[in-house]
Amino acid sequence: MALGPAQNLRDAIRIFNPQRPLEGEALHAYYADRGSDARQRMRLFLDVAEGEPVSMLFTGHGGSGKSTELNKLIEELGDAYFVVKVRTGDIVPATDLTYVDVILIAAMALFRAASDEGVIRRAPAQIIEGVWQQVAEVIDRVIFGNLPYRKPAAPSEVAIKAGIPPVVHGLTLEFEARFRNEPKTREAIREHMQNRLSEVIEKANDLSAEIRHRHRTPVLIVVEDTDKPDPARAAELFFDHPQSLTAFNASVIYTFPIALRYNARFSEVDRYFKCARMSNLPLFRRDGLPDEKGRRVLDEALARRMDQALIAPEARHRIILASGGLMRTLIGLAQNAAVNAYARGASRIEDRDAERAIADLRKDFVAALRSEDYPTLAARYCDKRLSSDDSLQELLQMRALLEYENGEAWCDVHPVALPLVQERVPDFDPGTVE
């Protein structure tokens, strides 16, 4: 059944899922084209490289829609690349992520994708057996070391015909399960991998070379969730270990925290990475006048997921303005407003349902913001200036301060947090937002 806009609130609650990036059929049905310069830049970097490896950072606020844009990029690339997608957060929490984890998770995802029966017929099917044997040996000897692991299941007929040792696929699954669920195992692997990452990277590069040589298809590894660690941990990943993150003989895209884009050390990674930045959709220009283009994209995003009869015009307008131009916030507010309307037995979202959803989101800012943050937010609301100040980076990371770009890069207070600033900073008057 073809996907389309929700015709009732129950379906709207299901369709407006802020935790699920658009992909597959949903990408075609619900994607609102924002005219992303970032996606065009990444595509250009790949095209100009003509198959040679290029490492990229894709930056933007959490919730701005980076995952959906990456899915759109991958769709546009078609079969031109052998794409390996990995979310580090599925295996290691952002609060515990290290550069060793990123390398291991990306390499193992490549090994697993290339040995997956589902891709054997269309991608690196008959890669020479010697490469697979070396990969299995490195996983066994270098990564697991003396740690025991479960013996992989018997090979399938497809794997046997392809010449793929079944131990490779089994070991990658074993690694991911144990690295995810056993903190002690994770620490043990990290400890003895500190000075042996080059062996894993070497085998990943051998495999990438075979894929490209035999199938004329370069490898592209897309690593998500590397934008989610706090600024200090993310700085250790990208500023202290850029050589390791760019050592793959494959093109790689890492999601990158918006806060570090304004860190004084950002210039240190310029020679290692190309950078593509996806700013939030502006609702206003820097001078305070409405930005109609940004509003149209957000309005289209709502219209693609929900019949217009399900939401009152004033509620629709209120949700768009409260989103701050963050796509995930827009989707989350619409879902919560639909829940509020459904719970009271209504057939459509009214203004009070939207306002209640916004009030719930405001509580998150009350919990996250410190008293000293409010004067900083008030000052940035007035001057709209971005800088490398530590306090600004933290506020960008928590999305209390949002980055925009229409002509030049600037910042503004999240509209949901703005009443809190007005309430807690004497003599601060943000004026009327329409």
Checklist entry - Can you name the residue in region 87-103 that is in a loop (DSSP other than H, G, I, E, B) and in contact with a helix residue (DSSP H, G or I) (Cβ under 8 Å, 6 or more places away or on another chain) and, of all such residues, is nearest to residue 248 (Cα to Cα)? => result 98
Item to check | Any hit, region 67-77, residues being over 30 Å from residue 348 (Cα atoms) and in a loop (DSSP other than H, G, I, E, B) | outcome: no
Next on the checklist: Cβ contacts < 6 Å: first residue without any contact (Cβ under 8 Å) to a residue 24 or more places away in the chain, restricted to region 286-310; second residue among the β-branched types (Val, Ile, Thr) and in a loop (DSSP other than H, G, I, E, B), any location; separation 6+ or different chain. Result?
Outcome noted: none
Item to check | Residue satisfying condition, being basic (Lys, Arg), at pLDDT 95 or above and either surrounded by 24 or more Cβ atoms within 10 Å (Cβ to Cβ) or not assigned by TED's automatic domain parsing to the domain that holds residue 416 (or both), within set 328, 318, 305 | outcome: 305
Item to check | Of residues in region 367-393 being out of contact with any Lys or Arg (no Cβ under 8 Å at 6 or more places or on another chain) and assigned to a loop (DSSP other than H, G, I, E, B), the one farthest from residue 418 (Cα to Cα) | outcome: 388
Item to check | Identity of the residue in region 12-40, of a type in the set (Lys, Arg) and within 17 Å of the chain's Cα centre (by Cα), that ends up farthest from residue 327 (Cα to Cα) | outcome: 39
Checklist outcome for this item: Pairing a residue in region 378-392 that is farther than 12 Å from residue 403 by Cα with any residue that is crowded, with 17+ Cβ neighbours inside 10 Å and polar (S, T, N, Q), where Cβ atoms lie under 8 Å and the two sit 6 or more apart in sequence or on different chains, gives 388/263; 391/376
Next on the checklist: Given the criteria in contact with a strand residue (DSSP E or B) (Cβ under 8 Å, 6 or more places away or on another chain), crowded, with 18+ Cβ neighbours inside 10 Å and not assigned by TED's automatic domain parsing to the domain that holds residue 87, does residue 283 qualify?
Outcome noted: yes
Next on the checklist: When the residues of region 413-434 are narrowed to those that are assigned to a loop (DSSP other than H, G, I, E, B) and of a type in the set (Val, Ile, Thr), which ends up surrounded by the most Cβ atoms within 10 Å (Cβ to Cβ)?
Outcome noted: 416
Checklist outcome for this item: Scanning region 29-57 for residues that are out of contact with any helix residue (DSSP H, G or I) (no Cβ under 9 Å at 6 or more places or on another chain) and farther than 24 Å from residue 217 by Cβ gives 37
Next on the checklist: Could you tell me how many of the residues in region 1-27 are among the small types (Gly, Ala, Ser), part of a helix (DSSP H, G or I) and touching a Leu at 6+ places or on another chain (Cβ under 9 Å)?
Outcome noted: 2
Next on the checklist: Can you confirm whether residue 259 is touching a residue at least 60 places away in the same chain (Cβ under 8 Å) and either of a type outside the set (A, V, I, L, M, F, W, C) or on the phi < 0 side of the Ramachandran plot (or both)?
Outcome noted: yes
Checklist entry - Looking at (1) crowded, with 23+ Cβ neighbours inside 10 Å; (2) within 18 Å of the chain's Cα centre (by Cα), which is the only condition residue 233 fails? => result (1)
Checklist outcome for this item: Within region 393-412, restricting to residues that are in contact with a helix residue (DSSP H, G or I) (Cβ under 7 Å, 6 or more places away or on another chain) and aliphatic (A, V, I, L, M), the one that is surrounded by the most Cβ atoms within 10 Å (Cβ to Cβ) is 401
Checklist entry - Considering region 135-154 alone, what residues qualify as being among the small types (Gly, Ala, Ser) and modelled with pLDDT of 70 or more? => result 136, 145
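The values are calculated or read from the model by the stated rules, or taken from the named source; none is laboratory data. Owing to the predicted nature of the structure, the values given are computational and were not obtained by experimental measurement. Note: ideal-geometry Cβ built from the backbone for every residue, glycine included; neighbour counts use all protein chains shown.
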